[in-house]
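A.B. asks: Please see the structure below; I have some questions.
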Amino acid sequence: MPQGSSRSVAIRQVAAAEAGGRSREVPRSLKRLACVGTLGAADLVIVHLAQAFAAIALPAPAELVAIIPSAFFSVFAFLAAGLYTEWGMGPVERLRARGIGVALFSFAALLVLGAGERVLTDVVVGQVVLAGILIVPLGFYASEAVRALLVRAGFWGVPTALIGTGPHSIALAHALLARPEYGLDIVGFIDTDSEWDERRNPDLPLPVIGRSSEADRLSRRIRVVLVAARDPHASSDLLRLPFAHVVLAHWAANGPTSCLKLRSLCDGFGFDVPRGIFRRRNLLVKRCLDCSFGIPLLIIASPVMLLIALAIKLASPGPVFFRQARTGMDGKVIEVLKFRTMYVDADARLKAHLASNAAARAQWDAFFKLQDDPRVIPRIGRLLRKYSLDELPQLINVVLGHISLVGPRPFPAYHMQGFDEDFRRLRASVPPGLTGFWQISARSNGDLAVQKAQDTYYIQNWSVWLDFYILLRTPITVAAARGAC
């Protein structure tokens, strides 16, 4: 949202509250009810569709199908799992809550089906399990689409302000304004100084809506306040603030932010940081998931891969596959497969192009990719690269254990040399992946600094649910062809 419109919205909201004009706005309780109702209705549709597909795929006796718990119970399971929480949950946490809700609903279905003298047959159990497996990805896509509509309609999010106008508060405001799906509708800043003037800090993305001494008045409109932990004057007298929710916000741009456990430490507290992907058992789980998903995906993709191979043969003489040495886990050199999308003399073409084009040289130095690459085969080569179809043969690498389905992309040695030594060691400590956090966000639009930040985030915040989230987001990113070249 443009800064000017953000300021005007915030000023109108606060002015309406002060003048008693809240009756002209949709009451907060009705907005909340509309959000839960809309998301719940979308989930009901998905559950019905999943159950219908499972019943067709695995026909069960009619008397058993009739007693399968109503799909309405799924909404209660999702509520119990906290799926419809309006703020304080990111997309990965919501995906985890959806998985827990589906498990609760499926367990309840099996309990009902097994009650009394009824016998649970393999077909019925398979039907319940298949429906549950379908509900997770389909429900994820549906809820994300519905939530985006609620954000656009102004129904999603609780009125939120930041206490203090220090640099960390400003950085937090910028981050949350860019991610409205987190449910925090940032209205403005609450200054801690006795005298304030918005003009003294033109970098504020939103206006100063009042002073901390006016907290009683502001609390009638603001539900959540965020206090940046690193701003020295912002965190005083937290217990005296009259707001419904006071959150001490820690901005951890280069550290773990998910799966943290709060621990009491006498008169203080600390965060228990999980080792995540560095645990051997988690690497084993990751490998099992790679085989469980990679083998079926390779089988499904085989006809498409055959057609692509034929198209490459017709478009350009030379081999169908391109093999390239990449840096894998523990610094080992691995050979990854790709469909050949470039001319056989690609290296000579690149060298000549960079020598004669300064802009292309600058782009190559920043991204190690070119938007207008003279090496790429016209039509078929650009099509494959645009939709990342040239990466499909790497499913073979996944099945063979060279790479994982999800992880930092394996880069050539010359690309890795663009990073500092500490980051190269961090990257080499985890399995590389076919897709990753960088691919679903910046893709080719991100330079080395962006790649480093996003790969670091993935490594430090790894969980099975983060991998699932990246897998679910990858088709959307690829279909949009965002950042491809």
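A.B. asks: Can you confirm whether the range 114-122 contains a residue that is open to solvent by less than 20 Å² (accessible area, probe 1.4 Å) and either in a helix (DSSP H, G or I) or free of Cβ contacts under 8 Å to residues at least 60 places away in the same chain (or both)?
C.D. replies: no
A.B. asks: Another one. Just one of the numbered conditions (1) on the phi > 0 side of the Ramachandran plot; (2) modelled with pLDDT of 85 or more is not true of Leu49; which one?
C.D. replies: With (1) on the phi > 0 side of the Ramachandran plot; (2) modelled with pLDDT of 85 or more applied to Leu49, the lone miss is (1).
A.B. asks: Only one of (1) hydrophobic (A, V, I, L, M, F, W, C); (2) more than 30 Å from Leu238 (Cβ to Cβ); (3) at pLDDT below 90; (4) open to solvent by less than 10 Å² (accessible area, probe 1.4 Å) is not met by Ile163, so which one is it?
C.D. replies: So Ile163 meets the others, but not (2).
A.B. asks: Would you pick out the residues in the range 396-431 that are crowded, with 21+ Cβ neighbours inside 10 Å and either among the polar types (S, T, N, Q) or more than 23 Å from Gln454 (Cα to Cα) (or both)?
C.D. replies: Selection gives Asn397, Ser404.
A.B. asks: I'd like the residue in the range 194-207 that is outside any loop (DSSP other than H, G, I, E, B) and open to solvent by 100 Å² or more (accessible area, probe 1.4 Å) and, out of all such residues, is modelled with the highest pLDDT.
C.D. replies: Step by step, filter the range 194-207, then rank; the result is Arg200.
A.B. asks: Go through (1) out of contact with any Gly (no Cβ under 7 Å at 6 or more places or on another chain); (2) on the phi < 0 side of the Ramachandran plot one by one and return the number of the condition Thr341 breaks.
C.D. replies: It is condition (1) that Thr341 fails.
A.B. asks: How many residues does the range 341-351 hold that are without any contact (Cβ under 8 Å) to a residue 40 or more places away in the chain and either open to solvent by less than 70 Å² (accessible area, probe 1.4 Å) or assigned to a loop (DSSP other than H, G, I, E, B) (or both)?
C.D. replies: The total comes to 7.
A.B. asks: Confirm whether Gly436 is open to solvent by 20 Å² or more (accessible area, probe 1.4 Å), within 27 Å of Leu284 (Cβ to Cβ), among the small types (Gly, Ala, Ser) and touching a residue at least 24 places away in the same chain (Cβ under 8 Å).
C.D. replies: Answer is no for this residue.
A.B. asks: Ok, one more. Answer with yes or no whether Ala479 is surrounded by fewer than 20 Cβ atoms within 10 Å (Cβ to Cβ) and under 30 Å from Ile100 (Cβ atoms).
C.D. replies: When the stated conditions are applied, Ala479 passes them.
A.B. asks: Within the range 284-318, track down each residue that is without any contact (Cβ under 8 Å) to a residue 24 or more places away in the chain and either within 30 Å of Gln417 (Cα to Cα) or touching a Phe, Trp or Tyr at 6+ places or on another chain (Cβ under 8 Å) (or both).
C.D. replies: Residue satisfying the conditions is Leu284 alone.
A.B. asks: Restricted to the range 208-228, and to residues that are of a type in the set (Lys, Arg) and more than 12 Å from Val246 (Cβ to Cβ), which residue is most open to solvent (accessible area, probe 1.4 Å)?
C.D. replies: Arg220
A.B. asks: Of (1) surrounded by 16 or more Cβ atoms within 10 Å (Cβ to Cβ); (2) touching a residue at least 60 places away in the same chain (Cβ under 8 Å); (3) under 30 Å from Lys286 (Cβ atoms), Ala325 satisfies all except one. Which?
C.D. replies: Here Ala325 clears every test but (1).
A.B. asks: Here is a follow-up. I'm trying to understand the selection: among the residues of the range 462-475, which are hydrophobic (A, V, I, L, M, F, W, C) and part of a helix (DSSP H, G or I)?
C.D. replies: If the condition is that a residue be hydrophobic (A, V, I, L, M, F, W, C) and part of a helix (DSSP H, G or I), then Val464, Trp465, Leu466, Phe468, Ile470, Leu471, Leu472 are the ones that fit.
A.B. asks: Would it be correct to say that Ser6 is crowded, with 17+ Cβ neighbours inside 10 Å, over 21 Å from the mean Cα position of the chain (by Cα) and at pLDDT 85 or above? Before you say what the answer is, go through the steps one by one.
C.D. replies: Values: crowded, with 17+ Cβ neighbours inside 10 Å: yes; over 21 Å from the mean Cα position of the chain (by Cα): yes; at pLDDT 85 or above: no.
Criteria not met by Ser6.
A.B. asks: Can you tell me which residues in the range 407-461 are in a helix (DSSP H, G or I) and at positive phi?
C.D. replies: Arg443
A.B. asks: Still on this structure: Do you know which of the residues in the range 9-46 that are β-branched (Val, Ile, Thr) and open to solvent by less than 30 Å² (accessible area, probe 1.4 Å) is modelled with the highest pLDDT?
C.D. replies: Ranking the qualifying residues of the range 9-46, first place goes to Ile46.
A.B. asks: Quick test for you: out of Leu314, Leu289, pick the one residue that is among the aliphatic types (A, V, I, L, M), part of a helix (DSSP H, G or I), touching a helix residue (DSSP H, G or I) at 6+ places or on another chain (Cβ under 9 Å) and surrounded by fewer than 15 Cβ atoms within 10 Å (Cβ to Cβ).
C.D. replies: Leu314
A.B. asks: Pick from Ala352, Ala366: which is over 24 Å from Lys452 (Cβ atoms) and out of contact with any strand residue (DSSP E or B) (no Cβ under 8 Å at 6 or more places or on another chain)?
C.D. replies: Ala352
A.B. asks: Select from the range 181-193 the residues that are within 26 Å of the chain's Cα centre (by Cα) and open to solvent by 50 Å² or more (accessible area, probe 1.4 Å) and write down the one among them that is farthest from Arg221 (Cα to Cα).
C.D. replies: Tyr182
A.B. asks: Then there's this: Please name all residue pairs, on different chains or six or more residues apart, with Cβ atoms under 7 Å, provided the first residue is in the range 462-473 and is touching a residue at least 12 places away in the same chain (Cβ under 8 Å) and at negative phi and the second residue is part of a loop (DSSP other than H, G, I, E, B) and surrounded by fewer than 21 Cβ atoms within 10 Å (Cβ to Cβ).
C.D. replies: Between residues of the range 462-473 that are touching a residue at least 12 places away in the same chain (Cβ under 8 Å) and at negative phi and residues that are part of a loop (DSSP other than H, G, I, E, B) and surrounded by fewer than 21 Cβ atoms within 10 Å (Cβ to Cβ), the close pairs are Ser463/Ser258; Ser463/Cys259.
A.B. asks: Can you find a residue that is touching a residue at least 24 places away in the same chain (Cβ under 8 Å), closer than 27 Å to Cys259 by Cα and either surrounded by fewer than 16 Cβ atoms within 10 Å (Cβ to Cβ) or out of contact with any Cys (no Cβ under 6 Å at 6 or more places or on another chain) (or both) anywhere in the range 125-133?
C.D. replies: Yes, some residue in the range 125-133 is touching a residue at least 24 places away in the same chain (Cβ under 8 Å), closer than 27 Å to Cys259 by Cα and either surrounded by fewer than 16 Cβ atoms within 10 Å (Cβ to Cβ) or out of contact with any Cys (no Cβ under 6 Å at 6 or more places or on another chain) (or both).
A.B. asks: So which residues in the range 454-472 are open to solvent by 30 Å² or more (accessible area, probe 1.4 Å) and under 15 Å from Arg409 (Cβ atoms), if there are any at all?
C.D. replies: Scanning the range 454-472 gives Gln454, Tyr457, Leu471.
A.B. asks: Mind counting the residues in the range 352-385 that are over 31 Å from the mean Cα position of the chain (by Cα), assigned to a helix (DSSP H, G or I) and more than 23 Å from Phe419 (Cβ to Cβ)?
C.D. replies: Residues in the range 352-385 being over 31 Å from the mean Cα position of the chain (by Cα), assigned to a helix (DSSP H, G or I) and more than 23 Å from Phe419 (Cβ to Cβ): 6 in total.
The values are calculated or read from the model by the stated rules, or taken from the named source; none is laboratory data. As the structure is a prediction and not an experimental result, all values here were calculated from the model. Here the Cβ is made from the backbone with ideal geometry for all residues, glycine too, and neighbour counts use every protein chain on show. Note: areas computed on protein heavy atoms with side chains; ligands, DNA, RNA excluded. Shrake-Rupley method; radii C 1.70, N 1.55, O 1.52, S 1.80 Å.
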